[in-house]
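J.: Dropping a structure here in C-alpha cells format, bear with me for questions.
The values are calculated or read from the model by the stated rules, or taken from the named source; none is laboratory data. None of these values were measured; they are calculated from a predicted model. Using ideal geometry, Cβ is built from the backbone for each residue, glycine included, and neighbour counts are taken over all protein chains shown. Note: areas computed on protein heavy atoms with side chains; ligands, DNA, RNA excluded. Shrake-Rupley method; radii C 1.70, N 1.55, O 1.52, S 1.80 Å.
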Amino acid sequence: MLEQLLIFTRGGLILWTCKELGNALRGSPIDTLIRSCLLEERSGAASYNYDAPGAAYTLKWTFHNELGLVFVAVYQRILHLLYVEDLLAMVKREFSEIYDPKRTAYHDFDETFRQLKMETEARAEELKNSNPVGKPLGNIKKQGKGQKSGSEGGTKKEGESSLKSDSGDGENRKGRKLENGHSNGNFVVTKESNMNSNTNGKENESSNVGAFDVNRLKLRAKGGKKTDAVAKASKEEPKKKMTKKNRVWDDSPPEAKLDFTDHAGENGENHIDIVTADQGESMMDKEEIISSESETEEDDDMGKNSKPDAKKKGWFSSMFQSIAGKANLEKSDLEPALKALKDRLMTKNVAEEIAEKLCESVAASLEGKKLASFTRISSTVHAAMEEALVRILTPRRSIDILRDVHAAKEQRKPYVVVFVGVNGVGKSTNLAKVAYWLLQHNVNVMMAACDTFRSGAVEQLRTHARRLQIPIFEKGYEKDPAIVAKEAIQEAKRNGSDVVLVDTAGRMQDNEPLMRALSKLIYLNNPDLVLFVGEALVGNDAVDQLSKFNQKLADLSTSSNPRLIDGILLTKFDTIDDKVGAALSMVYISGAPVMFVGCGQSYTDLKKLNVKSIVKTLLK
C-alpha cells in the first residue's frame, strides 16, 4: 500500500499531499531523501531506501524541471509496488496542467489523484493476471523433450554416416570419445572410466611416494654413498659471493659515500636534526592563486562536439533553433554531451560508477527544461555539471579544526584526531605535517604511536617527534592499539596537551580482524575527528576503500550510533598532474570533505583543497 505522495517545489514549498493516505511516516524519509540524495547529485538513481526503527521505506521520485516541481512517493519496501512509476508519471502530467506559480493550495486535485490511483492499480492487477507462472514451465519441458529427441536422432545419423565413410579405419575409431557422450555403435567413454583411471593414478602415486620414503630410510640406515655425496655438496656450497664494484672512470674524483642514514651513537640514540618552526610557513595558511586562463579551449571542444549534430540537423534548422530556443530538452538531446563529459571525467581518474551517476543526475535535472536562445546544449550541460561538482566538493559543515581545538581546550580536554587508511598511503608522514601546521598556530601537540603491527612504525613516528620537538606516547609492539590510545589521551590530559594525533596501522578494507580492532579503538576513545588518509593515485579503488571502511566501522561497532569517517586527507597530490578525479570519487561516495591535501615531502607541503581549481581541472 502507498504510504504517502507529496508534491513540492525545489524551494521546499509543499503544494499538495494526499490526505486520503494520511499515514504517519516513522522517521523523516523525505527530509533524508532531500538532504542525502537530491542535494548530493544522486537524483539519477531509480529509488532510495530509508530505514527507520520499526519500518523500512522505499522512495521514488520524478521532476518537472521546467516548472521546478518534485513528485515523491513513499511505500513499504516489502510490498514491491509495480505501479508507482506509472502513477508518478500520470500525477506529474495532470498536476502540471493545473499548476499556477501564484497558487499554494490544490484541494481539487484529491479526486483526480483518487481516479489515477485506481486506474494504475487496476492496470497493474491486469498485467499480473495476464502473466501466470505455470504456462512457461510446461512449454520449457516440451521444448526440452523435443530438443533431446532431436539431438539423439542427429547423433545417430552422424554415427551411421561416419561409419559408412570411414569403414577402413574401424580399429582407430573404437577409442574415440564423442563430445556429446552418445554412443556411435563402437565404443562409449564414460565418466566412471575416467574417475577410475584418476583414482588408480592417485593410488599409484601414493604408493610410489611410500616406496621412495622406504628407500631413503634404507639408505640412511646403511649410510650409503648418496648421503656422503650430499654432505660433500653441502660443505662446498658456502662460497664467497662476488660483490659488484663501482666502475672507476679515468681522471675522476674519488666517489663520495652515498649512505645518509643517521647512525646511532654510543648511548644508542640517533643524532637527528631538529626542525624549528622557522623552516617556513605551511601551505595550509597560504592562499592558492588560480591562473585565469581563457575559455577558448572549452569553447573549441564544445564546437567540435556539436559539429556532428549540425551536420545531421542541417545548417538552417540548427541556426533557427539556437535563435528561437528549443521547446523542451529531451534525454536523447542530452546524451551526446553527457557521454563526452563522462569520458572526460573518467580520463581525469574519476571512478566509472561515480561518473555515470553524476551524468544521470545532471540529465535528471535538465530533462524537460527549455533551452534559452543563443545557447548550445553542450554549454548548458557543461554549466549544469560544473554547478553539480561545486556543490559536491563544497563541505556541508564547518571544517575549522583550529576553532574546534580551542573549543575543546576551554572544556579542558584534548582534541583527538585518528588517522586511518590502507597500507602505504602516508599516514605517519602526513600526521607529522599536520603536527607541524598545528605547532605554527601555538597548539601543544602530542603523538600517539598506536601502530603496534608494522615493524619500524614506532621508530618512524619517534623520528618525526624528535625533529618537531613534540612529545610522543608509545608502548612498543604487539599491544592493543585501543588501550594505547586511551592511555595516550589520559597522559595528554595530565600534561596539558591540546591535540592528540593517533597513528594507526595500515589495513586493507577486507581485513576483518584489523578492521574490528580499528572499530574498537574508535568506539573506546570516541575521537573528535576520524581522518581517512587516501592516495590521489587511485581510481575505481577509491569507491571500494571508502565504502567498505564505512561499512565495516558501522557493522563491527558495538554502539547503536557508530562513528564513521569524518574527513579525508588526500596524499601524493603532487604526482598526478591533472588526474584529480580521486578527490571527487572519495567525497561523492562518503559525503566527507577533503580537509587536507599532501603535496610534497617536507613538513610545509600540506594545503587545503581548492574546489574551483579541482572543478576547472576536471572539466578542462
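J.: Inside segment 46-69, can you point out the residues that are of a type outside the set (S, T, N, Q), open to solvent by 20 Å² or more (accessible area, probe 1.4 Å) and more than 15 Å from Asn328 (Cβ to Cβ)?
T.: Passing the criteria: Ala46, Tyr48, Tyr50, Asp51, Pro53, Gly54, Ala56, Lys60, Trp61.
J.: Are any of the residues in segment 463-481 part of a helix (DSSP H, G or I) and farther than 29 Å from Glu281 by Cβ?
T.: Here is the first cut: in segment 463-481, the ones part of a helix (DSSP H, G or I) are 463-468, 481.
Subset that is farther than 29 Å from Glu281 by Cβ: 481.
Yes.
J.: Here is a follow-up. What single numbered condition from (1) without any contact (Cβ under 8 Å) to a residue 40 or more places away in the chain; (2) more than 25 Å from Val594 (Cα to Cα) fails to hold for Thr452?
T.: (1)
J.: Moving to a separate point now. Among the residues of segment 39-52, is any polar (S, T, N, Q) and not in a strand (DSSP E or B)?
T.: Kept after step one, since they are polar (S, T, N, Q), are these residues of segment 39-52: 43, 47, 49.
Now narrow it down to the ones that are not in a strand (DSSP E or B): 43, 47.
Yes, segment 39-52 has at least one match.
J.: For segment 70-101, which residues satisfy the criterion of being open to solvent by less than 50 Å² (accessible area, probe 1.4 Å), farther than 16 Å from Ala124 by Cβ and touching a helix residue (DSSP H, G or I) at 6+ places or on another chain (Cβ under 7 Å)?
T.: Result: Phe71, Val72, Val74, Phe95.
J.: Within segment 453-474, how many residues are open to solvent by less than 20 Å² (accessible area, probe 1.4 Å) and under 18 Å from Pro527 (Cβ atoms)? Quick ask: steps written out before the conclusion?
T.: First pass over segment 453-474, keeping only residues open to solvent by less than 20 Å² (accessible area, probe 1.4 Å): 457-458, 461, 465, 468, 470.
From the residues that got through so far, the ones that are under 18 Å from Pro527 (Cβ atoms) too are 461.
Number of matching residues: 1.
J.: Please give the number of the condition Arg563 fails out of (1) modelled with pLDDT under 90; (2) within 19 Å of Met346 (Cα to Cα).
T.: Of the numbered conditions (1) modelled with pLDDT under 90; (2) within 19 Å of Met346 (Cα to Cα), the odd one out for Arg563 is (2).
J.: Scan (1) modelled with pLDDT under 95; (2) more than 26 Å from the chain's Cα centre (by Cα) for the single condition Met446 breaks and write down its number.
T.: (1)
J.: Of the residues Ser560, Ser547, only one is without any contact (Cβ under 8 Å) to a residue 12 or more places away in the chain and of a type in the set (S, T, N, Q); which?
T.: Values: Ser547 fails: without any contact (Cβ under 8 Å) to a residue 12 or more places away in the chain.
Matching residue, one of Ser560, Ser547: Ser560.
J.: Check Thr32 against each of (1) under 29 Å from Ser585 (Cβ atoms); (2) not in a helix (DSSP H, G or I) and name the one condition it does not meet.
T.: (2)
J.: Give all pairs with beta carbons closer than 7 Å in which a residue from segment 600-613 that is under 16 Å from Val533 (Cα atoms) meets a residue that is among the β-branched types (Val, Ile, Thr) and open to solvent by less than 40 Å² (accessible area, probe 1.4 Å); count only pairs at least 6 apart in sequence or on separate chains.
T.: Leu606/Val434; Lys607/Val597; Lys608/Val597; Leu609/Val594; Leu609/Val597
J.: If I ask for residues that are closer than 15 Å to Ser96 by Cα and out of contact with any strand residue (DSSP E or B) (no Cβ under 8 Å at 6 or more places or on another chain), which ones from segment 37-74 would you list?
T.: Residues satisfying the conditions are Asn65, Glu66, Leu67.
J.: Related question: Please determine whether any residue of segment 332-350 is buried (at least 20 other Cβ atoms within 10 Å of the Cβ), in contact with a Phe, Trp or Tyr (Cβ under 7 Å, 6 or more places away or on another chain) and closer than 22 Å to Ala582 by Cβ.
T.: Within segment 332-350, none of the residues are buried (at least 20 other Cβ atoms within 10 Å of the Cβ), in contact with a Phe, Trp or Tyr (Cβ under 7 Å, 6 or more places away or on another chain) and closer than 22 Å to Ala582 by Cβ.
J.: Determine whether segment 475-484 contains at least one residue that is in contact with a Ser or Thr (Cβ under 9 Å, 6 or more places away or on another chain), surrounded by fewer than 17 Cβ atoms within 10 Å (Cβ to Cβ), touching a residue at least 60 places away in the same chain (Cβ under 8 Å) and not hydroxyl-bearing (Ser, Thr, Tyr).
T.: The first filter runs over segment 475-484 and keeps only residues in contact with a Ser or Thr (Cβ under 9 Å, 6 or more places away or on another chain), leaving 475-481, 484.
Within this subset, residues satisfying the condition of being surrounded by fewer than 17 Cβ atoms within 10 Å (Cβ to Cβ) are 476-480.
Restricting the remaining residues to those that are touching a residue at least 60 places away in the same chain (Cβ under 8 Å) gives none.
Within segment 475-484 (the criterion being in contact with a Ser or Thr (Cβ under 9 Å, 6 or more places away or on another chain), surrounded by fewer than 17 Cβ atoms within 10 Å (Cβ to Cβ), touching a residue at least 60 places away in the same chain (Cβ under 8 Å) and not hydroxyl-bearing (Ser, Thr, Tyr)), the answer is no, since none of the residues qualifies.
J.: For segment 374-400, what are the residues that are over 26 Å from the mean Cα position of the chain (by Cα), touching a residue at least 60 places away in the same chain (Cβ under 8 Å) and open to solvent by less than 60 Å² (accessible area, probe 1.4 Å)?
T.: Within segment 374-400, Ile377, Ser378, Ser379 meet the criteria.
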